[in-house]
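Below is one structure; the comments refer to it alone.
The values are calculated or read from the model by the stated rules, or taken from the named source; none is laboratory data. A quick note: this is a predicted structure, and the numbers were derived from the prediction, not measured. Note that each Cβ is placed from the backbone with ideal geometry, even for glycine, and that neighbours are counted across all protein chains shown.
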Amino acid sequence: MPDFDFVVIGGGSGGVASARRAGGYGAKVAIVEDDRLGGTCVNRGCIPKKLYSYAAHFRDEVADAAGYGFSVGEVGFDWATLVANKETELTRLNGIYQRLLEGSGVEIVRGRGHIADPRTVVVGGRRLSAKHILVATGGRPQKPAIPGIEHALVSDQIFDLPRLPGRIVVVGGGYIAVEFAGIFNGLGATTTLLYRGAMVLRGFDDDVRRHLTEEMTRKGVDIRTNTQVRAIRREGDGSLVVETGGGAIAAGVVLYATGRIPNTSGLGLAEAGVRLGDKGQVMVDHWSRSSVATIFAVGDCTDRVNLTPVAIHEGRALAETLFNDNPRPVDHRDIPTAVFSQPPIGTVGLTEAAARATHAVVDVYQATFTPLKQSISPRKERTLMKLVVDRRSDRVLGCHMVGADAAEIIQGFGVAIKCRATKAQFDATMAIHPTAAEEFVTMREPVKAPLAKAAE
Ligand code: NDP
């Protein structure tokens, strides 16, 4: 008899969700983690990022308040308070994770797990024999090898800076880069975003990318596209200089947000016969099973869709399959996602470009407007809403928004897209007035031609 039915390596979103679900079905489960419970999302990702994003929005709220008759004095911001309050909240969440695991009967084993063979995980001097092993070790930031790269920070290190930098240079054009550029700009740092391509957020709808670029620029972020960093230097006074093809930029902090790679090295995976991809990701089938029948993997270490809710879904589906006689593959289509930029993006389904590439006739419905809240505010922030529709089936293929509350709004429309809703059903839905979201059910005329051409 093995010691455990299920040994999970990694106490992040996917691992904890899978362990708890398995424990809930009576499986004997151990979870191996050497750091704080909750993984990247809780400790160095989604949760602290969202708190900092809320913080960055307050400057806008204060600006809005003036238009509503409030006289607001000089606004101060104390970085140390934000960091300390964030830390208190994370500690509370770590405790909740621990209690939830214990409540599901899961044994928490502290240390680094190593796969000794397809049925054994070693943690320190302890050998855990297992019927099934789950690898849920997540990912980590990567930086390119350029001269002086050691001076650049990654997202893991950015939350606990000793003070808010006066000037920050953010390198990259993905989720993390645009989110942190917005956060630091909103908190008052002079912010420059350097991106090697033509327009940030490759893979998102082109109108969304363009709209966000305009709004971020209007808020004061200096976005420099087609810009490669050649080197980073530290000056005698401790400040940094970022050398680009277009000149040098001074900064207190340089943040690299140039992607993440799976955390799979040193785990003994290849030695156990597990097939890894070119980035080191565990290659799995739609049951999250690796090339070794007893070893499974979920979340960012598989490099499928690297989002917390996806990892949780994969982890729970696996527990259903293994321990509840309820085989559940994971459907990775139509995953709603948000970028907590300033303003935020919410999106689900196909971009216009992807829809045009796969469907014969595509109609695009689009609206750009100043939301009611801003109508009497000195701050003018525009919202973009866009529907991509397959004319033949009338199905809404994509739903995209840039503007206040976009993430909250798109979560609901994500259900409609998952249910394969048609434009006629959107039209038959009564509006909630006055809201921004009502625009999605009141757009009548398609725009004649695509308003935007693909950026690349
Ligand atoms: P992304 O993969 O989203 O973006 C990486 C960016 O870095 C791209 O713009 C890429 O450019 C650029 N880049 C890559 N290599 C280099 C290089 N050598 N030099 C210069 N630029 C480079 O990664 P992130 O780090 O932003 O985020 C990692 C993942 O974390 C995301 O993909 C997402 O899955 C997840 N995440 C989700 C969030 C959310 O749900 N809100 C928030 C934060 C992260 P190019 O486009 O040219 O390839």
task: Taking Thr347 as the residue in question, decide whether it is closer than 30 Å to Asp390 by Cβ, away from the ligand (no atom under 16 Å from the Cβ) and either in contact with a Pro (Cβ under 6 Å, 6 or more places away or on another chain) or of a type in the set (S, T, N, Q) (or both).
output: no
message: Looking at segment 156-191 only, could you name the residues that are surrounded by 23 or more Cβ atoms within 10 Å (Cβ to Cβ) and among the polar types (S, T, N, Q)?
response: Asn185, Thr191
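Counting only residues that are near the ligand (Cβ under 10 Å from one of its atoms) and in contact (Cβ under 8 Å) with a residue 40 or more places away in the chain, give me the helices (runs of 4 or more DSSP H) lying completely in segment 136-254 with at least 2 of them.
Values: elements: 155-158, 175-187, 206-219.
Where helices (runs of 4 or more DSSP H) fall fully within segment 136-254 and carry at least 2 residues being near the ligand (Cβ under 10 Å from one of its atoms) and in contact (Cβ under 8 Å) with a residue 40 or more places away in the chain, they are 175-187.
Could you pull out the residue among Ile31, Ile47 that is within 16 Å of the ligand (Cβ to nearest atom) and among the aliphatic types (A, V, I, L, M)?
Details: Ile31 fails: within 16 Å of the ligand (Cβ to nearest atom).
The unique qualifying residue is Ile47.
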query: When you go through (1) touching a Lys or Arg at 6+ places or on another chain (Cβ under 7 Å); (2) surrounded by 14 or more Cβ atoms within 10 Å (Cβ to Cβ) one by one for Asp34, which number turns out not to apply?
result: (2)
message: Can you report the number of residues in segment 288-313 which are touching a helix residue (DSSP H, G or I) at 6+ places or on another chain (Cβ under 6 Å), within 20 Å of Ala27 (Cβ to Cβ) and within 16 Å of the ligand (Cβ to nearest atom)?
response: 4
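So is Ala80 closer than 22 Å to Gln157 by Cα, small (Gly, Ala, Ser), assigned by TED's automatic domain parsing to the domain that holds Leu134 and surrounded by fewer than 19 Cβ atoms within 10 Å (Cβ to Cβ) or not? Don't jump to the end; show me each part of the working.
Details: closer than 22 Å to Gln157 by Cα: yes; small (Gly, Ala, Ser): yes; assigned by TED's automatic domain parsing to the domain that holds Leu134: yes; surrounded by fewer than 19 Cβ atoms within 10 Å (Cβ to Cβ): yes.
Answer is yes for this residue.
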field: Scope segment 395-408; condition buried (at least 24 other Cβ atoms within 10 Å of the Cβ) and either closer than 18 Å to Ser341 by Cβ or of a type in the set (S, T, N, Q) (or both); matching residues
entry: Cys399, His400, Met401, Val402, Gly403, Ala406
message: When the residues of segment 258-279 are narrowed to those that are surrounded by 16 or more Cβ atoms within 10 Å (Cβ to Cβ) and hydrophobic (A, V, I, L, M, F, W, C), which ends up nearest to the ligand (Cβ to nearest atom)?
response: Ile261
